[in-house]
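These notes are about the structure you will find just below.
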Amino acid sequence: MDATLEAVKREGRGKNEANRLRAAGQIPAVVYGSKKDGKAPEGVALSVDPKEMLRILHSDSGANTLINLRVDGTEARVMIKEYQLDPVTHQLLHADFYALAMDKAITVTVPIVLKGESRGVKQQGGIVDFVTRDIEVLCLPTDIPGHIDVDVTELMLNESVRSGRR
């Protein structure tokens, strides 16, 4: 899923400036670029609308959503790197984005969805123990799957599904 998010560059940094932004209905955010010459990228301080951010986070693709970030007339493709929620009110406090190179593979976490009802549950009275609920996938940003389906209909008692990695 693609989404568009409007952002405004901000000059001030620190706790007081962040609280002023939140009181004005915005949240502080930072966008990081890709590494250049082996150096860590400098962050660009922004402010974004928390309602739009939550709409993106609650979409089907969640944090794996490709976002067109518009800042001062320029547009960049970014993904959410990290976000911070208030532990009591669950309001969005801060967001970090990273700029994507559309031709380079990235590692994303994708949820696993179980399909079917196991024969071990139906015929032998077993219980499906769903331990790993997501998996890391290396892919291009345009090829990020929404989820990975795992068919468990043929699983019998004491059988399991394993990934190809050991």
Test result for Leu85, among the aliphatic types (A, V, I, L, M) and in contact with a Pro (Cβ under 9 Å, 6 or more places away or on another chain): no
Conditions (1) open to solvent by 70 Å² or more (accessible area, probe 1.4 Å); (2) touching a residue at least 12 places away in the same chain (Cβ under 8 Å); (3) within 13 Å of the chain's Cα centre (by Cα); (4) under 29 Å from Lys9 (Cα atoms); number of the one not met by Lys104: (3)
Neighbours by Cβ (under 6 Å, 6+ apart or cross-chain): first from the range 36-47, open to solvent by 40 Å² or more (accessible area, probe 1.4 Å); second hydroxyl-bearing (Ser, Thr, Tyr) and modelled with pLDDT of 85 or more: Pro41/Tyr32
Residues located in the range 86-107, provided they are out of contact with any strand residue (DSSP E or B) (no Cβ under 6 Å at 6 or more places or on another chain) and either in a strand (DSSP E or B) or over 23 Å from Lys51 (Cα atoms) (or both): Ala101, Met102, Asp103, Lys104, Ile106
Test: residue in the range 44-55 that is closer than 22 Å to Pro141 by Cα and assigned to a strand (DSSP E or B): yes
Selection from the range 116-147 of residues that are surrounded by 13 or more Cβ atoms within 10 Å (Cβ to Cβ) and not in a loop (DSSP other than H, G, I, E, B): Arg119, Gly120, Val121, Ile135, Val137, Cys139, Pro141
Residue match in the range 124-144 (condition: in contact with a helix residue (DSSP H, G or I) (Cβ under 8 Å, 6 or more places away or on another chain), at pLDDT 85 or above and under 28 Å from Ala76 (Cα atoms)): yes
Residue satisfying condition, being in contact with a Pro (Cβ under 6 Å, 6 or more places away or on another chain), open to solvent by 30 Å² or more (accessible area, probe 1.4 Å) and modelled with pLDDT of 90 or more, within set His90, His94, His58: His94
Filter pass, Ile144 being closer than 21 Å to Val30 by Cβ and within 12 Å of the chain's Cα centre (by Cα): no
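The values are calculated or read from the model by the stated rules, or taken from the named source; none is laboratory data. Keep in mind that this is a model prediction, so the values were computed, not measured. Every residue, glycine among them, receives a Cβ derived from its backbone with ideal geometry; neighbour counts consider all protein chains shown. Please note that ligands, DNA and RNA were not included when accessible areas were found on the heavy atoms of the full protein model with its side chains. Shrake-Rupley method; radii C 1.70, N 1.55, O 1.52, S 1.80 Å.
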